[in-house]
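The structure appears right after this line, and notes come after that.
Taken together, the values in this text are just the output of simple stated rules run on the coordinates, not laboratory data. Predicted model, so just to flag it, every value in this text is computed and none were measured. Cβ placement follows ideal geometry from the backbone for every residue including glycine, while neighbour counts extend to all protein chains displayed.
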Amino acid sequence: MYWKIIFTLLHIAAACTVARQDVPAWADSRYREQNFPSSLYFTGFTMGNVRSGEDLPELAGRLKKEAQALLSESIRVKIESETQLHSQSSSDNTTGIFHTVFTSAVHSAADAEIVNLKTETYFDKAKKTLYAFAYANKRELITYYTATVADDMQQIQGAVKTAGLLERQREKAKARKQYENAAKLLAKAANVTDLLRALGAQPSGNALQASGQQALREEIAQALARLELLVYVNDREELFGQPCAIVANKLKAALATQGYHFTEDPAHAEFTLNLHATTRKIGDAGSTIVFCFADVEVEWIDNYAQKSVYKEELSHKGGSTTFERAGREALEEAAAFIAEKLKIIY
């Protein structure tokens, strides 16, 4: 009988030992502090229980995201504490493209790709608690982001070189596009450089040197100011005999978002936009809903090349409670169609 008791106790002890062995070492805070020190790792740890209507896989997914968010937050805090002074001192107001608010770069860290991010989970059946632990090695992050910045800087320099060639060929619109692409890449590279400084990376080469990036920033800003794209709009529109500028105003608003400006002097314009629009009724006014067509002729001319880049005649149908409203709707829809065509061209 005694041997049965002893056997039972040994069996229980063995079971407890196995259970304890199943518990990962990282679940202990002291182990995490010793083996994942903040000098070498970014970490995030969380724990929780199943919520009402939630199963175990859903709990695991939720806590994994929470652990990863905590890790991202630790990166954000690191960047904010170590690079704010640098970011403020190197802000450039020469063009809106480079007027990047520091906090937007900081908060983007939570959404940034964190390479070699590892996340582990463990469910304690006895406590019905799930633990999640996320960690990323700082040295691996430095290696990855250093290569990323170097690649971005190569693309930026290539875009600037191409833009300069296009500018010399008087292709102002295409040159400006290249400079704008370079500006966006440079803003991204600056944010990653801030992250690298927060990680303790030592600047090496032009990719991480603030002076090198600042020189490029100034060169691009000057080019964008120099390459102002001016458009002359030659507009003849009528809404059932009454002069209007419905299509012209819609197209101006769309072109402005693409960096175009407008002039009243055709001699100073790089481009001319010719518009001729009229409306015509369909049926009579006795119906509840009336319809009409907007007939539009449009032409986009490159003044330097002295050629028509885009030319089209189109009709758009509009319907409303009055002919005036129907005509306005038809003209607005025609303008939206033309705006998409011009966006593809440039």
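When R197, R236 are sorted by how many other C-beta atoms sit within 10 angstrom of their C-beta, beginning with the fewest, the order is R236, R197. Which distance in nm do the two modelled labels at A336 and S38 give, with both placed 7 Å along the Cα-to-Cβ direction? So the label points at A336 and S38 sit 5.3 nm apart. Sorting the segments 135-145, 42-52 by their mean number of nearby beta carbons within 10 angstrom, highest to lowest, gives 135-145, 42-52. Counting neighbouring Cβ atoms within 10 Å and putting the fewest first, the residues I345, I282, I220, I79 line up as I345, I282, I79, I220. What FRET efficiency comes out for the pair E324/H268, r = Cβ-Cβ distance, R0 = 45 Å, nearest 0.05? Calculated value: 0.80. Ranked by how many other Cβ atoms sit within 10 Å of their own Cβ, fewest first, the residues C292, C244 fall in the order C244, C292. A full extension of the chain between Q154 and S52 corresponds to an added length of 31.5 nm, given 0.36 nm per residue minus the alpha carbon distance. Between E299 and K184, the FRET efficiency estimated from the beta carbon spacing at R0 = 35 angstrom works out to 0.65. Stretched out straight at 0.36 nm per residue, the stretch from Q306 to Y31 would grow longer than its current Cα-Cα span by 91.7 nm.
Available extension along the chain between S315 and F240 is 25.5 nm, counting 0.36 nm per residue and deducting the alpha carbon span. For segment 219-281, the Kirkwood estimate of the hydrodynamic radius, built from every pair of different alpha carbons, is 13.1 Å. Other residues whose C-beta falls under 10 angstrom from the C-beta of G327 contribute a net charge of 0, scoring Lys and Arg +1 and Asp and Glu -1.
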